[in-house]
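**Student:** The structure that follows is given in the form of structure tokens.
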Amino acid sequence: MAFRNSTTRGFKRTATLLGDRIRHVGENRGFAVSRLLTHWAEIAGPDIAAIARPVNVGYARGGFGATLTVLTTGAQAPMLEMQKEKLREKVNAVYGYNAISRVRITQTAPTGFAEGQAQFEPQKPEAPKAPDKQTLTKAAAVASPIQDDELRNALEHLGRNILSKTKH
């Protein structure tokens, strides 16, 4: 009996292990095509993906004309409202037919408040402000007695950072 030499050394791909579970959870939420969840940014586009995410797909009793529920924040809801039709067309392109007939926008998740507290994109830190002239001269004055140029420049830079932070 010959054994097969495996290149995976006993390991399996994560997609193989979790694929059925992800599909099952997605189908429970109405996402027959889990690609809608996993590739949301590609489907909706970067502008919509930054302000919204899919929460649920609900089907009517007859099974036709599903409703896609999209979660967003209060300030972004009017912007998303204007793009609902474009979003519906993009999602239907993934399904391959007119599966979604309506897009509903919500500011809370349908299952609980914990899911409704969504932050879609991390806030970008503010760009550091240039120090004022007084801070620059004070840092230069403190570092001026140092003979070594490299050390003096480093200490001057450090002084500018410290002095500009203490003003806030």
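A short reminder: the numbers here are calculations on the coordinates, not readings from a lab. Quick caveat, the model's predicted, so the values are computed rather than measured. Glycine gets a Cβ as well: all are built from the backbone with ideal geometry, and neighbour counts include every protein chain shown.
**Student:** In which sequence would Val94, Val103 go, from the one with the fewest C-beta neighbours within 10 Å to the one with the most?
**Tutor:** Fewest-to-most ranking of Val94, Val103: Val94, Val103.
**Student:** Using θ = phi - 60° and the Karplus form 6.51 cos²θ - 1.76 cosθ + 1.60, what ³J(HN,Hα) does each residue of the stretch 134-146 get, whole Hz, x for Gly and Pro?
**Tutor:** Once θ is set to phi - 60°, the couplings for the stretch 134-146 become 5, 5, 4, 5, 5, 5, 5, 5, 5, 8, 4, x, 6 Hz.
**Student:** What spacing in nm lies between the two simple spin-label points modelled at Tyr59 and Glu89, each 7 Å away from Cα in the Cβ direction?
**Tutor:** Between Tyr59 and Glu89, the simple spin-label model gives 2.7 nm.
**Student:** Let me ask something else about it. Name the residues whose placed amide hydrogens come within less than 5 Å of the amide hydrogen of Asn56, ignoring near sequence neighbours (fewer than 5 apart) on the same chain.
**Tutor:** Residues meeting the criterion, in which the H sits 1.01 Å from N, are Thr69.
**Student:** Go ahead and run the numbers for FRET between Arg35 and Ser101, Cβ-Cβ distance against an R0 of 22 Å, rounding to 0.05.
**Tutor:** 0.70
**Student:** Now for a different question. For a protection proxy built on the mean count of beta-carbon atoms within 10 angstrom, sort 152-165, 41-54 highest first, please.
**Tutor:** So the order, starting with the most tightly packed, is 41-54, 152-165.
**Student:** How far is it, in nm, from the label point at Ala77 to the one at Lys133 when both lie 7 Å from their Cα along the line to the Cβ?
**Tutor:** About 5.0 nm, to one decimal.
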